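Student: Below you will find the structure I want to go over with you.
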There are 2 protein chains.
Amino acid sequence: MFTDEYFMKMALNEAETAFEKDEVPIGCVIVSNNRVIARSHNLTETLNDVTAHAEMQAITSAANFLGGKYLINCTLYVTLEPCVMCSGALSWSQISKVVIGARDEQRGFINKNLTLHPKTEIVTGVMENECSSIVKEFFKSKR
Amino acid sequence: MFTDEYFMKMALNEAETAFEKDEVPIGCVIVSNNRVIARSHNLTETLNDVTAHAEMQAITSAANFLGGKYLINCTLYVTLEPCVMCSGALSWSQISKVVIGARDEQRGFINKNLTLHPKTEIVTGVMENECSSIVKEFFKSKR
């Protein structure tokens, strides 16, 4: 039951909420022991804050829930590959696993030759089409 | 009067406040038209939050002050070279100028071959010795 698709679907729900708010539709959840401890979506426009990416909010929220700043035994599910800022934050958090929906060749951390923490396992391509489609649909609606 | 040293001294005062709180002593200010619109210091331990670097707080705070997310015509003065996370946030902010005290060869963005926004001017080495000394002193006190 608790597959990567199961939790990525929740991250996609967050992305859909962002879309409804006219935000670039990216969502994520952080899971610990099969329990969702943080969920968030991009809020940069709503909050007028470039740092309000889904991942940044989720990292702060999960640390607050856990009472400690390191996200040990936690997995982040995010619909789009994290940017440089979010990859840096994930590195500092020492999170155990990051599961990515769609790649972001231009702004994602992978093509910048950045890595996360050595302890962090990275999985890509989970529900890639759905995660990619929602972003494409958003930018098409903006043209 | 409003030299780079003038504002870096304010950033150093923030770093000293961090030191007193047993935080890694890094401080910054953001200046617009020679007016300080945000000041902050590292609070990762106090807030139990890896994202609570001085620069991240200052970017959010300055955007809040300006009522817009882009830090046009703003200068950030920071005592230590920004990390990957903070360089990513600064890129998104399109800030006009970043003035750095001491380099951080290991964790700073420059040696990771990252750049800020094309519009951003970067100056390094302002009050380098003072900015570097306070960090060294902090880690010496920890051994």
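Student: Within 10 Å of each Cβ of A:82-95, how many other protein chain Cβ atoms are there on average?
Tutor: Taking the mean over all residues of the peptide, I get 6.
Student: Starting from the Kirkwood Rh over alpha-carbon pairs, what translational D in µm² s⁻¹ does the stretch A:34-143 have by Stokes-Einstein at 10 °C and 1.306 mPa s?
Tutor: After rounding, the answer is 110 µm²/s.
Student: While we're looking at this one, here's another question. Helix B:128-142 versus the longest principal axis of chain B: what angle, 0 to 90°, nearest 10, using Cα atoms?
Tutor: 40 degrees
Student: If neighbour count is taken as other Cβ atoms inside 10 Å, put A:Ser133, B:Ser96, B:Ser91 in order from fewest to most.
Tutor: Listed from fewest to most nearby Cβ atoms, that is A:Ser133, B:Ser96, B:Ser91.
Student: Is the shape of the protein assembly as shown best called rounded, prolate or oblate, per the rule: a/c under 1.5 gives rounded, else a/b larger than b/c gives prolate, else oblate, with a ≥ b ≥ c the square roots of the Cα gyration tensor eigenvalues?
Tutor: Verdict is prolate for the protein assembly as shown.
Student: Another question about this same structure. Count, for each residue of A:55-65, the Cβ atoms from other chains sitting within 10 Å of its Cβ, then give me the mean as a whole number.
Tutor: If you average over the peptide's residues, the count of other-chain Cβ atoms is 3.
Student: Nothing charged except the Cβ atoms of Lys and Arg (+1) and of Asp and Glu (-1): what's the magnitude of the dipole of the protein assembly as shown about its Cα centre? Round to the nearest 20 debye.
Tutor: So the magnitude is around 160 debye.
Student: Moving on. What are the distances, in nm and sorted shortest first, from the label point of B:Glu130 to the label points of the same position in each other copy, with each label point placed 7 Å from Cα along the Cα-to-Cβ direction?
Tutor: For B:Glu130, the other copies' label points sit at 5.6 nm, shortest first.
Student: Using a 10 angstrom cutoff on alpha carbons, build the Gaussian network for chain A and name the most mobile of A:Gln94, A:Gln106, A:Gln57.
Tutor: A:Gln106
Student: Treating the angle as unsigned and between 0 and 90°, give the value, to the nearest 10°, between the Cα long axis of helix B:84-93 and the longest Cα principal axis of chain B.
Tutor: That helix lies at roughly 20 degrees to the long axis.
Student: Please identify the GluC sites (Glu not before Pro) of the stretch B:54-143 that satisfy two criteria: DSSP loop assignment and at most 12 other Cβ atoms within 10 Å. Which are they?
Tutor: Qualifying residues, ordered by number: B:Glu105.
Student: Continuing with this model, one more query. Quick check for me: using +1 on Lys/Arg Cβ and -1 on Asp/Glu Cβ, what's the dipole size of the stretch B:11-70 about its Cα centre, in debye to the nearest 20?
Tutor: Taking the Cα centre of the stretch B:11-70 as origin, the dipole is about 420 debye.
Student: Could you check which residue among A:Gly101, A:Gly67, A:Gly88 shows the biggest mean-square fluctuation in a GNM of chain A with a 10 Å Cα cutoff?
Tutor: Looking only at A:Gly101, A:Gly67, A:Gly88, the biggest GNM fluctuation is shown by A:Gly67.
Student: Taking the label point as lying 7 angstrom from Cα along the Cα-to-Cβ axis, what are the distances from A:Thr46 to the corresponding position in the remaining copies, in ascending order and in nanometres?
Tutor: Result, one decimal in nm: 2.8.
Student: Per-residue ellipticity at 222 nm for chain B, helices alone: DSSP H runs ≥ 4 residues times -39500 (n - 2.57), over residue total, nearest 500 deg cm²/dmol?
Tutor: -12500 deg cm²/dmol
Student: In addition: Just to confirm the numbers: B:Asp22, label point 7 angstrom along the Cα-Cβ line, distances to the other copies in nm, shortest first?
Tutor: Spacings between copies for this position, smallest first, are 4.7 nm.
Student: Now for a different question. To test your reading of the geometry: what angle, between 0 and 90 degrees and rounded to tens, separates the Cα axis of helix A:4-20 from the longest principal axis of chain A?
Tutor: Taking Cα atoms only, the helix is inclined about 40 degrees.
Quick note: the coordinates plus some simple rules give every number you see, no bench work behind them. From a predicted model like this one, the values you see are computed outputs, not experimental measurements. Positions of Cβ are generated from backbone atoms using ideal geometry, with glycine treated the same way; all protein chains shown enter the neighbour counts.
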